[in-house]
Structures are given as C-alpha cells and as structure tokens.
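Note sheet for the following structure.
Rule-based calculations on the coordinates, nothing more; no lab input. Because the structure is a prediction, the values reported are computed rather than measured. With ideal geometry, Cβ positions are generated from the backbone for all residues, glycine too; neighbour counts draw on all protein chains shown.
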Amino acid sequence: MAVYVDDVLRADPSWGIIGASLRRPDARRALAPQDFLYTLVVRSGSGTATRVIGSVLDVLDAATQRAELIAVMTDPRIRIVSITVTEKGYCHDPATGELDSRHPDILHDLTHPEAPISTPGLIVRALELRRAAGIAPFTVLCCDNLPANGETTARIVTGFAALRDKGLADYIASEVAFPSTMVDRIVPATTEADRRLVLEATGVMDAWPVVTEPFTQWVVEDRFPTGRPPLGKAGVQLVANVQPFELMKLRMLNGSHSLIAYLGYLGGYRYVNEAIADPALRTFIREFMTDEVMDTLPTDFCDLVAYREALLDRFCNPVLLHRTWQIAMDGSQKLPQRLLGTIRDRLARGLPAARAALGVAAWMRYVTGVDEQGCEIEVRDPLATRLRRIADSAGEAPGQLVDALLRVTEVFGDDLPRNESFRTALISYLASLFRRGSLETVRALTREQQAAHN
C-alpha cells in the first residue's frame, strides 16, 4: 500500500500514511530515526532494483501510544483505516468468520472500552468518538487474507460493537464502508542479509528495508464515501466486486504456499524456491491448482491458466528467499481459507480433494513439533500449546491424531469431522507421512492420481 500511495503523490500530494503497530515497537524504533523512509528492494533472477518510499509519515506503537493512536484515528483528516494484522489479529473464529467473544483481547476491551488493545476494539472506539463529535466515519480497508475480507471485517467489528452498544453497532452497519480487497505480492521477512544488500547497493544503512518480487497486484472495491487517493493511476484495479480475485489468490497462491510450506519443510526444504525446484513437488503443486482448485473458481474474470503459470514462475525466484517456516506460521488461522474452502466445495460436489487433504495431513504432522529427522520444530501458532498437547497425547497413531485434531472446531468446524471420506484420507496420508516421509508421499500420490487419469 505504501508503494502505491507513494506512486500517486505526484498527482495528489495531500495523502500520506500513519502506521500503527499493535503488538511490538520494532517498526517505530527502526523507522523513526530515518524519518519513516525505507527502501523497497525488488529482486528477481534478472537483477535488483531499489527505491526509497516516502509515503509513511509516522508509525505509532499502540502499546505505549494508545491514546495518541485513538486520537489520530478520530482526526477528520483520516479518511481510511487499513488493516494488515494477519488472520489471527481479528480475534475471530476462522471456521465461521464470527467474532470470538471469549478471546482474551475482546474480553479486555469489553471491560476497558476506552483503552482497547484489539483491532476491533480500536476501530469501534475511534468510530464511537467520531460519531459523538459529528465527524464522518472513516472507511475500513481490510488487506488480510480473509474470505470476503471486507464483509468479514464488517461482521467482526459490528459484532464487537453490538456487545457494547446496539445503537453504535447499528450506526457502524449503516454508515461505515468496508470494501473488500485482494493483495498479491510475495514479501519475505526482512533479514540482516537484506540490510547488508541495501547498504552495499545504496551506501545507506536502512534498519527496515522491504524485499519483494517484481509482480504486484492490488484489487480494491471502489467504495470510499469520504474519498481515497487516485489509486487507479498507480495501477490498482478498482472493481465493483473483488471476490473472484480474492478467491483465486487465497486458493491458488496461498493454498499452494501452504502445501509447499508443510510438505517442503517436512521434506527438508527451507525455502520456497528450493522446494518448487523438486520435480515431484512442482508437479504436485501444478496439479493441485489445475485439478482441484481451478474448477472451484469463476472462469470469466481472469485467465486462470496464465495465473497458474505466473505463480509457478514466481515460486522459482532464486533470490527471493521465502522461508517455508515463515509461511507455516499460524496454520490454524490459515487453513480454513487456504485449503478447507476448496475441500468443502469439492466434497459438496462429490469430488475428491486428495492433494488438499494431503496438505492438511502435512499440517497435522507439522504441529506435532518434531520433523522427519527427529528435530524440534518451532511451531508458531495461536493454538500451538494446545495442538502440541493433542499431538503428544495421540503419539504417532494416525487415527487418534486425526480424530483429536479434527475436534479443534476453530479450524475444522462441525461439518468436516463428520465427513468420513475426508477423515479416512487424512488418516491414510498421515500414516504415509510418518512411515515414508513427505516427499515420497507426494510422489506416491502423484503416481496414483496420474494413473487414475489414464
């Protein structure tokens, strides 16, 4: 977003971004000494390009600057509040898309409405103050990987507001715009090597450069009652309905990423480009998109075959070191959108979803916390402790582990655990992952699927 806004400043210099970190002060500490400027590094096999991004005016640390953040969000000059907090930042149930009213942050904010710490709590408090002051509400722009992310965010925010004040909830539901978006650009976590690269390329020490790929796509529903930057001039696709684009990205890019993350990590690959260079994994991912995902998507908005080929090329980027472990984080929040939606659609039509099911089984193997070499896996997930306890109790008995993890309704809901064909496939694939390992299981499934096609 900062890059797109930076691109439109020549046409309309009245816009800028004030960032806010809700959990950690790292971004402010890194960027404040350099006037909130940072280097964008675009890398591919053909070379590296750098540019300085100047659209960020400030970054606030919500932990120490909460009152200042709420005051900024209440300022009439703020017309858009965008959210990029990952799936787990919404305090919701990923299986249903509803607010989790028992989430500790939500319970805190209901008790301390004037000092919220959650994303929904902050938004509702700022909208409440704007309403009381007669200031038009800002537009809430979700940029995270949630299904129908604008609608989902609206449901979560109004759901939280309703727990506090029905009149406020009705006001938000009728007056606040929540356009949906789809963001597609691969951005690995910044490393010390990235900082050294920027220093060598520019002669400047940048505490927080952003390294990314050449490809970029941002699709936004054009609903901004109080105005927006001229984003179309910067290449943003402004549309009436973002859902087909979002579904395509969630299921093809993000779904493939999750398969690569779990199967690749278990197979010993630490980076996406290493994993996709394995012929077996590349074939598996290509056939997952072709045979299982593409027929669950609309076909009249985009060339899905071209998008698939572009994804495979992007995954191969030899200089964009995207760690499988990073993608594997927060799997309990990601699986419902990335893989389980595809599985549900196919099961409803009586169709198999073998490759997606193997991806779910690989997640189950991953959250046991021990890899194929017997080494500890640092599982980063909101449910990590609970998942590890389940895995330790079940041991390596595939049926017990599958049944226990399927009872985690925040991930699988109430329907998938009752689907016997899905459960049976998971047990079979998990047994193979324990017995033969990730890569041989991938090869065996690919042979089975190809034989079935022949």
Exercise for the section: Taking 7 Å along the Cα-to-C-beta vector as the label spot, tell me the D165-T191 distance in nanometres, rounded to one decimal. Expected result: 4.9 nm
Completion exercise
For the chain, the dipole about the Cα centre with charges only on Cβ (Lys and Arg +1, Asp and Glu -1), to the nearest 20 debye, works out at 180 debye
Problem - the chain, helix-only ellipticity at 222 nm - DSSP H runs n ≥ 4, -39,500 (n - 2.57), divided by all residues, nearest 500 - result: -13500 deg cm²/dmol
Problem - Degrees, to the nearest 10: 119-133 long Cα axis against longest axis of the chain - result: 20 degrees
Practice task
State the Cα centre-to-centre distance between segment 140-159 and segment 5-44 in whole Å.
Solution key: 23 Å
Exercise for the section: Express the relative contact order of segment 2-239 as a whole percentage, based on alpha carbon pairs under 8 Å and six or more residues apart in sequence. Expected result: 22 percent
Fill in the blank from the handout: For segment 2-239, the Cα-Cα pair-distance distribution in 5 Å bins from 0, as whole percents, is 1, 6, 13, 17, 19, 17, 13, 8, 4, 2, 0, 0
Practice task
May I ask for the distance between the Cα centers of segment 279-330 and segment 375-405, given as a whole number of Å?
Solution key: 27 Å
Practice task
With a bin width of 5 angstrom, please list the P(r) values of segment 243-453 as percents of all Cα-Cα pairs, from the 0 bin to the one holding the largest distance.
Solution key: 1, 7, 17, 21, 23, 17, 10, 4, 1, 0
Completion exercise
Longest principal axis of the chain (C-alpha) makes with the long axis of helix 149-164 (C-alpha) an angle, in degrees to the nearest 10, of 60 degrees
Handout entry: Sorted peptide list for 47-55, 224-232, 290-298, criterion being average Cβ within 10 angstrom, highest first
Key = 290-298, 224-232, 47-55
Handout entry: Over the chain, relative contact order from alpha-carbon pairs under 8 Å, at least 6 apart, %
Key = 14 percent
Fill in the blank from the handout: Subtracting the Cα-Cα distance of L110 and L57 from 0.36 nm times their residue separation yields 15.9 nm
Completion exercise
Here the averaged projected area of segment 218-368, based on the convex hull of its alpha-carbon atoms and given in nm², is 10.5 nm²
Practice task
Would you mind telling me the antiparallel percentage of the DSSP bridges in the chain, rounded to 5?
Solution key: 50 percent
Exercise for the section: Write down the Å³ per residue value for the convex hull defined by the alpha carbon atoms of segment 395-443. Expected result: 75 Å³
Exercise for the section: Would you work out the charge dipole size for segment 2-239 about its Cα centre, treating the Cβ of every Lys and Arg as +1 and the Cβ of every Asp and Glu as -1, and quote it to the nearest 20 debye? Expected result: 260 debye
Exercise for the section: Would you kindly derive the ³J(HN,Hα) couplings of segment 9-19 from the backbone phi angles with the Karplus curve 6.51 cos²θ - 1.76 cosθ + 1.60 (θ = phi - 60°), listing them in order in whole Hz, with x for Gly and Pro? Expected result: 5, 5, 7, 8, x, 7, 9, x, 10, 10, x
Practice task
Place the peptides 243-250, 414-421 in order of packing, highest mean first, counting for every residue the other Cβ atoms within 10 Å and averaging per peptide.
Solution key: 243-250, 414-421
Exercise for the section: Note down the nm distance, to one decimal, between modelled labels 7 Å out along Cα→Cβ at A452 and at T226. Expected result: 5.2 nm
Exercise for the section: List, in order, the whole-Hz ³J(HN,Hα) value for each residue of segment 429-442 obtained from phi through the Karplus relation with A = 6.51, B = -1.76, C = 1.60 and θ = phi - 60°; use x for Gly and Pro. Expected result: 5, 5, 4, 5, 4, 5, 7, 10, x, 5, 5, 5, 5, 4
Fill in the blank from the handout: Cα-only Rg/Rh for segment 13-125 with Kirkwood Rh rounds to 1.04
Practice task
Using the charge dipole of the chain (Lys, Arg: +1 at Cβ; Asp, Glu: -1 at Cβ; taken about the Cα centre), state which of H92, A425, V42 has its Cα farthest towards the positive end.
Solution key: A425
Exercise for the section: Give me the angle, in degrees from 0 to 90, between the Cα long axis of helix 166-175 and the longest principal axis of the Cα atoms of the chain, rounded to the nearest 10. Expected result: 90 degrees
Handout entry: Selected from A384, G369, A20, residue furthest toward positive end of dipole (the chain; charges at beta carbon)
Key = G369
Practice task
At 0.36 nm per residue, minus the direct Cα-Cα distance, what do D295 and A207 gain on full extension? Give it in nm, one decimal, please.
Solution key: 27.3 nm
Problem - Cβ charges +1 (Lys, Arg) and -1 (Asp, Glu), total dipole of segment 381-440, debye - result: 140 debye
Problem - Whole-Å distance, taken between Cα centres, linking segment 97-129 and segment 202-232 - result: 28 Å
Practice task
Could you rank the peptides 106-117, 264-275 by their average count of other C-beta atoms within 10 Å per residue, with the highest value first?
Solution key: 264-275, 106-117
Completion exercise
Quick P(r) readout (the chain; Cα-Cα; 10 Å bins; whole %) gives 4, 19, 29, 27, 16, 4, 0
Practice task
Starting from one equal scatterer on each C-alpha and no solvent at all, send me the Debye-based log10 I(q)/I(0) for segment 234-308 at q = 0.12, 0.20, 0.26 Å⁻¹, two decimals.
Solution key: -0.39, -0.86, -1.16
Problem - Relative contact order of segment 243-453, pairs being alpha-carbon contacts under 8 Å that are 6 or more residues apart, as % - result: 26 percent
